[in-house]
Amino acid sequence: MLQSLWHFLSSFLPRAVCQGPAAEKEDEAGNGSPLPGPGEKGPKMVGKPQDRGTDPTERRPTILLVVGPAEHFPKKIVKAGDKDLDGQLDFEEFVHYLQDHEKKLRLVFKSLDKKNDGRIDAQEIVQSLRDLGVKISEQQAEKILKSMDKNGTMTIDWNEWRDYHLLHPVENIPEIILYWKHSTIFDVGENLTVPDEFTVEERQTGMWWRHLVAGGGAGAVSRTCTAPLDRLKVLMQVHASRSNNMCIIGGFTQMIREGGPRSLWRGNGINVLKIAPESAIKFMAYEQIKRFIGTDQEMLRIHERLLAGSLAGAIAQSSIYPMEVLKTRMALRKTGQYSGMLDCAKNILSKEGMAAFYKGYIPNMLGIIPYAGIDLAVYETLKNAWLQRYAVNSADPGVFVLLACGTISSTCGQLASYPLALVRTRMQAQASVEGAPEVTMRGLFKHILKTEGAFGLYRGLAPNFMKVIPAVSISYVVYENLKMTLGVQSR
């Protein structure tokens with residue numbers, strides 16, 4: 001984040017020239033913009049005329065904007081302002097670009113102005129970066145200030161900020177949001193990650209729902225391709241023990257022998273079906289919680305994202321949790337036990353009651369915080385480390401960096417929450433028997449530790465980790481292809 005923000009604050013690009021009496025003298029002395037050479041196309045001079053009748057001694061400086069051919073402007077400015085896509089920046093397009101850009105500059109200025117005194121000092125820059133998870137010294141912040149401070153006060157007012165950045169597209173935060181999506185792209189079977197942010201442009205153009213649809217489709221393909229490993233994980237979580245040591249090859253052999261190759265995909269149907277409602281509910285809840293928190297910033301601070309994301313995940317999980325129980329029961333069923341999902345649901349409802357659909361609910365809710373928190377913390381740490389070291393001209397990390405960051409963060413999140421996930425699965429799998437004592441989360445933890453030791457809390461971890469890399473890779477490839485099909489610009 002630091003490197004990207006540093007690039008935003010300290011890159012020297014052409015700016016508006018403040019044209020006053022002193023500047024006019026400089027131009028007359030030949031110190032202004034160079035005249036075009038023979039055969040060159042002269043620049044267009046777009047100035048705001050002085051009001052007639054105004055006292056010359058009291059007139060305000062005129063902003064003189066030098067607008068030349070497209071090749072004299074940075075490509076990003078032409079791309080940002082060229083509405084008719086003719087490769088040229090005409091006067092009307094340039095004016096619209098300046099108006100839009102000034103609004104964005106005003107928003108960034110307000111977000112940095114923590115004291116609301118109309119000025120930005122070094123402490124406010126340090127605090128703003130700290131809120132985003134990046135630490136810099138006051139000396140580094142002062143270097144940023146010196147590059148923009150015209151009057152030597154070591155603070156920046158709105159005019160200094162605007163004049164410095166007027167022809168520099170505001171792109172650091174939107175670029176990071178655009179290129180570093182995580183929850184939408186990567187699906188490892190557990191939808192407990194904090195939802196991604198979307199840029200203002202993505203929201204206004206309606207691209208956000210296309211991202212969500214592409215992410216849902218990618219999740220469906222990814223889960224289907226890795227379903228055999230997921231079912232093996234569930235079997236090992238429930239049935240493996242010291243006396244019944246189940247290995248990966250032995251587990252696959254047992255599944256195929258009992259139900260044939262098709263049995264490897266038991267439980268996958270309900271696992272895919274729950275993607276759409278869970279993603280939609282979580283996204284809507286996340287947006288509402290953000291409004292409740294009272295922030296309209298494009299990028300939330302880390303602790304705000306964790307709070308909003310965890311609450312949204314809890315709401316979504318509560319809404320679709322009966323499908324989670326169904327998924328576990330379908331994955332564990334024997335050949336011919338149920339004719340389908342509806343038959344399984346009817347059987348559970350008639351024999352065990354409605355409460356059976358919420359078995360394991362408490363460990364599932366408790367698992368959201370370590371999973372989402374560690375996944376977010378690791379991903380943000382890796383992201384910031386890359387941005388500080390390598391983000392010189394763009395926040396785009398490329399395919400392999402993004403896949404590596406997603407894989408590592410998801411693995412760490414799963415490792416932290418795995419004991420709770422195992423206890424949840426065992427509670428979901430246990431059919432209620434009338435008159436028998438109800439198994440509790442605490443009692444199950446004690447039983448596992450007593451009979452199997454701490455290792456027993458990590459049964460099935462090997463196939464769970466084995467599916468992370470293929471799941472992340474498949475979901476990324478499918479996401480990118482679906483995104484292009486839906487008309488979203490490629491990376």
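The values are calculated or read from the model by the stated rules, or taken from the named source; none is laboratory data. Since we're looking at a predicted model, the values are computed, not measured. Note that we place each Cβ from the backbone using ideal geometry, even for glycine, and neighbour counts take in every protein chain shown. Accessible surface is based on the protein model in full, side chains and every heavy atom, while ligands, DNA and RNA are left aside. Shrake-Rupley method; radii C 1.70, N 1.55, O 1.52, S 1.80 Å.
Quick look at the values:
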| read-out | value |
| --- | --- |
| Nonlocal amide H pairs with residue 246, under 5 Å, H built at 1.01 Å | 241 |
| Integer Hz, Karplus 6.51/-1.76/1.60 couplings in order for region 441-449, x for Gly and Pro | 4, 5, x, 5, 4, 4, 5, 5, 5 |
| Cα gyration tensor shape for region 396-477, rounded if a/c is under 1.5, else prolate or oblate | prolate |
| Net charge of neighbours whose Cβ lies under 14 Å from the Cβ of residue 339, counting Lys and Arg as +1 and Asp and Glu as -1 | +4 |
| With DNA, RNA and ligands ignored, accessible area of residue 408 (1.4 Å probe; Å², nearest 10) | 80 Å² |
| By accessible area with a 1.4 Å probe, ligands and nucleic acids excluded, highest first: order of 161, 265, 208, 386 | 265, 208, 386, 161 |
| Vicinal HN-Hα couplings computed from phi for region 257-270 (Karplus, 6.51 cos²θ - 1.76 cosθ + 1.60; Hz; Gly/Pro x) | 5, 7, x, x, x, 5, 5, 5, 9, 5, x, 6, x, 5 |
| ³J(HN,Hα), Karplus 6.51/-1.76/1.60, whole Hz, each residue of region 213-223, x for Gly, Pro | 5, 4, x, x, x, 5, x, 4, 5, 4, 5 |
| Cα shape, region 236-275, gyration tensor, a/c 1.5 rule | oblate |
| Net charge over other residues, Cβ less than 11 angstrom from the Cβ of residue 210 (K, R count +1; D, E count -1) | 0 |
| Shape call, region 291-379: gyration tensor on alpha carbons, a/c limit 1.5 | prolate |
